[in-house]
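Student: Sharing a structure, written as structure tokens. Questions coming.
The values are calculated or read from the model by the stated rules, or taken from the named source; none is laboratory data. The shown structure was predicted, so the numbers you read here are calculated from the model rather than taken from an experiment. Because the Cβ atoms are built from the backbone with ideal geometry, glycine has one as well, and the counts that use them run over all protein chains shown.
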Amino acid sequence: MLDYPQIVAELRTELATFTQGKVEIGEDTDLLADLSLDSLQVMNLLLHVEDRFDISIPVNILPDVKTVKDLALQIEHLTREM
Amino acid sequence: MGLFDKFRKLAAARGDLVALGINPFGVEIERIISPTEGVIHGRRTILAGTNNYLGLTFHPECIAAAHRALDAEGTGTTGSRMANGSYSGHRRLEEELAAFYGMRDAIVFSTGYQANLGTLSGLTGANDVVLLDADCHASIYDGCRLAGAEVIRFRHNNPEDLAKRMRRLGARAADTLIVVEGIYSMLGDRAPLREIVDVKRELGGYLLVDEAHSLGVLGDRGRGLVEELGVLADADFIVGTFSKSLGGAGGFCVSDLPELDLVRYSSRPYIFTASPSPATIASTRQALTILAAGRDLRARLRENYLRLHAGLTALGYTLGASPSPVIAVVLRDRVEALQFWSQLLQRGVYVNLMLPPATPDGVSLIRCSVSAAHTPEQIEAVCAAFAALRAAAGIAAAECDTGA
């Protein structure tokens, strides 16, 4: 099972493909505001993240996910549940 | 943060449109002349973006039925289906829909949006998992949200991706609700329903198919993609609308499962809204009778959409999918789509402008919807307008013919 820093590292790699490396991505990066992703792009990002971590991430968590850290914590929680 | 701060981005986007002198999301049809013609900006305009697939909005028998109901039963029911808003016509329409599909029962809702909202929110709850095709309509997402159900998206039209996500759920997969659409409203593509049914047979779950754009359009008797692909019996729930092929307003869910009747009691969009007016129900019943009785309208519709699809393909346009009554022209970006939309209107053709994030994969689209009521001349006129824009864009027709 991946620990939190590993999850953040994986997410940074995944997000870089969406931003084409144009934005520096850290834990506090805001997915919508800093990365200029719209709601649909965030949902599509989840499809990739699900496959990368082999988990199912309900779309319902999105209201609670603003930053990379929020998403990493959700993934940590979901991978622990498995 | 102020109450209206969230509108800043919207206001800016709207301002851009105003600056261009167009308003694609607030077009006023000053006078409606027929299912395929209206007056916009004082000009007679071909309507090629109305979802009026069978062209029944002006059918004399539907109008006469609505008139009779209006005279006999008044203008509105003034109440919910759950209270005083269930007239004999509402129940008869439910029975007729059930008989049309050969299923046990149906529920009539006040709009197509509410049919999905009411079915999904009534059927599922906080402990349920709903697996949605990523391109499902907003009403499906909203229904799940109202239910508080766990929503997992699978990649559009990708049964293997659905299976993968179901396997991850383990034992919970057997009780999930899988939701797909017969024809997807943006690009006009169809669900690979047989393969999705295979996944359901292997891994369990229930299947809901939204046939909003395929009722009356696909299948030998017009029962949608489920009929066309021979999987009607595998659909646990079918949702549809009265506002497209049936030319009215309202929606329904039909099912062979006895539990459907209980959905009425748990569906807030069914309980807390007024039922459709008697005239609406009467015209819808008449339209359903016409839809079920013959194949001529479907044949004419098919002829028309094949003609438009072939015409636009020959002009070199990139289209969203293989032929269906929804024909989406994929354009380079938002600016080009806006220009196309505006210039088509100037040339007397109304179509729909579809922009991200409402569209899949961030594409900008000009969406045409074809009607059985379009004349061959109208289809030719739509093609001619697109051809003129192609020419204006500096692409010679000769190049298009060679596939350039």
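Student: Among the residues that make up segment A:27-39, is at least one of them within 12 Å of chain B (Cβ to nearest Cβ), part of a helix (DSSP H, G or I) and surrounded by fewer than 19 Cβ atoms within 10 Å (Cβ to Cβ)?
Tutor: Residues of segment A:27-39 that are within 12 Å of chain B (Cβ to nearest Cβ), as a first pass: A:32-33, A:36-39.
Checking which are part of a helix (DSSP H, G or I) leaves us with A:39.
Of the ones still in play, those that are also surrounded by fewer than 19 Cβ atoms within 10 Å (Cβ to Cβ) are A:39.
Within segment A:27-39, one or more residues are within 12 Å of chain B (Cβ to nearest Cβ), part of a helix (DSSP H, G or I) and surrounded by fewer than 19 Cβ atoms within 10 Å (Cβ to Cβ).
Student: When you go through B:I29, B:I40 one by one, which is the residue that is within 21 Å of the chain's Cα centre (by Cα) and β-branched (V, I, T)? Walk me through it before giving the result.
Tutor: Working: B:I40 fails: within 21 Å of the chain's Cα centre (by Cα).
Residue meeting the stated conditions: B:I29.
Student: Within segment B:170-188, is even one residue closer than 30 Å to B:I63 by Cβ and basic (K, R)?
Tutor: Checked segment B:170-188: no residue is closer than 30 Å to B:I63 by Cβ and basic (K, R).
Student: Can you confirm whether segment B:345-354 contains a residue that is away from chain A (no Cβ under 14 Å) and over 25 Å from B:E303 (Cα atoms)?
Tutor: Of all residues in segment B:345-354, those away from chain A (no Cβ under 14 Å) come to B:345-353.
Remaining after also requiring over 25 Å from B:E303 (Cα atoms): B:346.
Checked against the condition, which is being away from chain A (no Cβ under 14 Å) and over 25 Å from B:E303 (Cα atoms), segment B:345-354 yields at least one hit.
Student: Here's a follow-up. Can you list the strands (runs of 3 or more DSSP E) lying wholly within segment B:205-294 that have 1 or more residues being without any contact (Cβ under 8 Å) to a residue 60 or more places away in the chain and surrounded by 24 or more Cβ atoms within 10 Å (Cβ to Cβ)? Explain how you work it out, then say what you get.
Tutor: Details: elements: B:206-210, B:237-241, B:251-255.
Because the criterion is at least 1 residues that are without any contact (Cβ under 8 Å) to a residue 60 or more places away in the chain and surrounded by 24 or more Cβ atoms within 10 Å (Cβ to Cβ), the strands (runs of 3 or more DSSP E) in segment B:205-294 that meet it are B:206-210.
Student: Given the criteria surrounded by fewer than 24 Cβ atoms within 10 Å (Cβ to Cβ), over 21 Å from B:F252 (Cβ atoms), away from chain A (no Cβ under 14 Å) and in contact (Cβ under 8 Å) with a residue 60 or more places away in the chain, does B:D189 qualify? It would help to see each step written out before you state the result.
Tutor: Values: surrounded by fewer than 24 Cβ atoms within 10 Å (Cβ to Cβ): yes; over 21 Å from B:F252 (Cβ atoms): yes; away from chain A (no Cβ under 14 Å): yes; in contact (Cβ under 8 Å) with a residue 60 or more places away in the chain: yes.
The answer is yes for B:D189.
Student: Restricting attention to segment B:26-38, does a residue exist that is touching a Phe, Trp or Tyr at 6+ places or on another chain (Cβ under 8 Å), modelled with pLDDT of 95 or more and within 21 Å of B:V217 (Cα to Cα)?
Tutor: Yes, segment B:26-38 has at least one match.
Student: Scan segment A:54-71 and tell me whether some residue there is of a type in the set (A, V, I, L, M, F, W, C), surrounded by fewer than 20 Cβ atoms within 10 Å (Cβ to Cβ), more than 9 Å from the chain's Cα centre (by Cα) and away from chain B (no Cβ under 14 Å).
Tutor: no
Student: Can I ask one more? Considering each of B:G122, B:G143, B:G118, B:G188 in turn, give the residue that is assigned to a loop (DSSP other than H, G, I, E, B) and in contact with a Ser or Thr (Cβ under 6 Å, 6 or more places away or on another chain).
Tutor: Details: B:G122 fails: assigned to a loop (DSSP other than H, G, I, E, B); B:G143 fails: assigned to a loop (DSSP other than H, G, I, E, B); B:G118 fails: assigned to a loop (DSSP other than H, G, I, E, B).
Of B:G122, B:G143, B:G118, B:G188, the one residue that is assigned to a loop (DSSP other than H, G, I, E, B) and in contact with a Ser or Thr (Cβ under 6 Å, 6 or more places away or on another chain) is B:G188.
Student: Oh, and also: If you take the residues of segment A:72-82 that are more than 13 Å from chain B (Cβ to nearest Cβ) and in contact (Cβ under 8 Å) with a residue 24 or more places away in the chain, which of them is nearest to A:V8 (Cα to Cα)?
Tutor: Selected residue: A:A72.
Student: Let me ask something else. Within segment B:304-326, work out how many residues are touching a residue at least 40 places away in the same chain (Cβ under 8 Å) and assigned to a helix (DSSP H, G or I).
Tutor: Residues meeting the conditions: 7.
Student: Another question, if that's okay. Can you report the number of residues in segment B:156-180 which are under 20 Å from the mean Cα position of the chain (by Cα) and either closer than 16 Å to A:P58 by Cβ or surrounded by fewer than 24 Cβ atoms within 10 Å (Cβ to Cβ) (or both)?
Tutor: Kept after step one, since they are under 20 Å from the mean Cα position of the chain (by Cα), are these residues of segment B:156-180: B:156-157, B:178-180.
Checking the rest, the ones that are also either closer than 16 Å to A:P58 by Cβ or surrounded by fewer than 24 Cβ atoms within 10 Å (Cβ to Cβ) (or both) come to B:156-157, B:178-179.
Counting residues in segment B:156-180 that are under 20 Å from the mean Cα position of the chain (by Cα) and either closer than 16 Å to A:P58 by Cβ or surrounded by fewer than 24 Cβ atoms within 10 Å (Cβ to Cβ) (or both) gives 4.
Student: I've got another one for you. Take segment B:168-185 and flag every residue that is touching a helix residue (DSSP H, G or I) at 6+ places or on another chain (Cβ under 9 Å), away from chain A (no Cβ under 14 Å) and in a helix (DSSP H, G or I).
Tutor: The one that is touching a helix residue (DSSP H, G or I) at 6+ places or on another chain (Cβ under 9 Å), away from chain A (no Cβ under 14 Å) and in a helix (DSSP H, G or I): B:A174.
Student: Could you grab me the full set of residues in segment B:170-200 that are under 19 Å from A:R52 (Cα atoms) and modelled with pLDDT of 95 or more? Before the answer, list the steps.
Tutor: Step one: filter segment B:170-200 for residues under 19 Å from A:R52 (Cα atoms), giving B:170.
Answer for segment B:170-200, where residues must be under 19 Å from A:R52 (Cα atoms) and modelled with pLDDT of 95 or more: there is none.
Student: Something else: State all residues of segment B:301-342 that are among the basic types (K, R) and surrounded by 17 or more Cβ atoms within 10 Å (Cβ to Cβ); if no residue qualifies, say none. If you could, list the steps in order and put the result at the bottom.
Tutor: If we filter segment B:301-342 for residues that are among the basic types (K, R), which is where we start, we get B:302, B:307, B:332, B:334.
Matches in segment B:301-342: B:R302, B:R307.
Student: Also, I was wondering about something else. For segment B:343-375, how many residues are within 24 Å of the chain's Cα centre (by Cα), part of a helix (DSSP H, G or I) and surrounded by fewer than 24 Cβ atoms within 10 Å (Cβ to Cβ)?
Tutor: So the count comes out to 4.
Student: If you don't mind, there's one more thing I want to ask. Quick check on segment A:44-51. Is at least one of its residues more than 10 Å from chain B (Cβ to nearest Cβ), within 13 Å of the chain's Cα centre (by Cα) and buried (at least 17 other Cβ atoms within 10 Å of the Cβ)?
Tutor: Yes, the conditions are met somewhere in segment A:44-51.
Student: For segment B:146-166, which residues satisfy the criterion of being assigned to a helix (DSSP H, G or I) and facing chain A (nearest Cβ under 10 Å)?
Tutor: At the first step, the residues of segment B:146-166 found to be assigned to a helix (DSSP H, G or I) are B:146-147, B:159-166.
Across segment B:146-166, the qualifying residues are B:D161, B:K164, B:R165, B:M166.
Student: Quick check on segment B:96-115: of everything there that is part of a helix (DSSP H, G or I) and hydroxyl-bearing (S, T, Y), which residue is farthest from B:V226 (Cα to Cα)? Before you say what the answer is, go through the steps one by one.
Tutor: Applying the first criterion (part of a helix (DSSP H, G or I)) to segment B:96-115 yields B:96-101, B:112-115.
Imposing the further condition that a residue be hydroxyl-bearing (S, T, Y) reduces the set to B:101, B:113.
Values: B:Y101: 10, B:Y113: 20 Å.
Per the criteria, the residue is B:Y113.
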